[in-house]
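Notes for the one structure printed next.
Laboratory data are not the source of any read-out in this text; all were calculated from the coordinates shown. It should be emphasised that the depicted structure is a prediction, and the values quoted were computed from it without experimental measurement. When we count neighbours, we look across all protein chains shown, and the Cβ atoms used for this are built from the backbone with ideal geometry, even at glycine.
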Amino acid sequence: MKLLKTLAAGIIALVAVFGLTGCAPEEMNPQDYAAIIDVRTPEEWNSGHLAGAVRMGIADSDFAAQLETLDKSADYYIYCRSGNRAGQAIDFMESIGFTGELVNGGSVANASTQLGLEVVTD
């Protein structure tokens, strides 16, 4: 009986460990994207953004016009503070005809980890 309990505990531990590694952010190559887009406010951008990113604030009055300068068939990586505005930006981009892969990178910290890019300030 003790052997069975030990075996069951070992199996549970293995499942837990391998299950947790599935939650780790997947590493991505920044070179796979035509642009890395930060959709936050200027103040948020100034507090720290990914090296090489461009800011196209979703709340900016010219957001749609900025998007029109992009290749709609290319792949883009979009991030914000939590992933909420990035998701809204992706929905809007799809609604105006973007057909490439649009990745929601979530927060700036998550995006930094996924892409292996430094958070910088100007």
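Pull up all non-local amide H partners of GLY105: gap of 5 or more, or a different chain, and H-to-H distance under 5 Å with H placed in the peptide plane.
Under 5 Å from the amide H of GLY105: ILE78, TYR79.
Taking H placed 1.01 Å from N in the peptide plane, check which residues at least 5 places from ALA35 or on another chain put their amide H under 5 Å from its amide H.
Those qualifying (amide H under 5 Å, at least 5 residues apart or on another chain) are TYR77.
I'd like the Karplus ³J(HN,Hα) series for segment 58-66: coefficients 6.51, -1.76, 1.60, θ = phi - 60°, whole numbers in Hz, and an x wherever there's a Gly or Pro.
Each residue's phi maps through the Karplus curve to give 4, 8, 5, 5, 9, 4, 4, 5, 4 Hz.
Taking the number of other C-beta atoms within 10 Å as the exposure measure, put LEU115, LEU102 in order starting with the fewest.
With the sparsest Cβ surroundings first, the list reads LEU102, LEU115.
What fraction of the DSSP beta bridges in segment 19-122 is antiparallel, stated in percent and rounded to the nearest 5?
15 percent
List the extent of the Cα atoms of segment 27-120 along each of their three principal axes, largest first, rounded to whole Å.
On the principal axes, segment 27-120 reaches 30, 27, 20 Å in Cα extent.
Please find the FRET efficiency linking ASP32 to THR99, where r is the Cβ-Cβ separation and R0 is fixed at 22 Å, and quote it to the nearest 0.05.
0.85
Where the only charges are on Cβ atoms (+1 Lys, Arg; -1 Asp, Glu), what is the dipole of segment 23-114 about its Cα centre, to the nearest 20 debye?
About 220 debye.
Can you run phi through the Karplus equation (6.51, -1.76, 1.60; θ = phi - 60°) for segment 41-52 and list ³J(HN,Hα) in whole Hz, with x for Gly and Pro?
Couplings: 6, x, 5, 5, 4, 5, 7, x, 9, 6, 4, x Hz.
So what's the convex hull volume per residue for the Cα atoms of segment 57-100, in Å³?
Expressed per residue, the convex hull around the Cα atoms of segment 57-100 is 63 Å³.
Please give the residues of segment 63-91, grouped as numeric ranges, whose backbone N is less than 13 Å from a label point set 7 Å along the Cα-to-Cβ vector of ALA109.
In segment 63-91, the label zone of ALA109 (backbone N under 13 Å from the point 7 Å along Cα→Cβ) covers 81-83.
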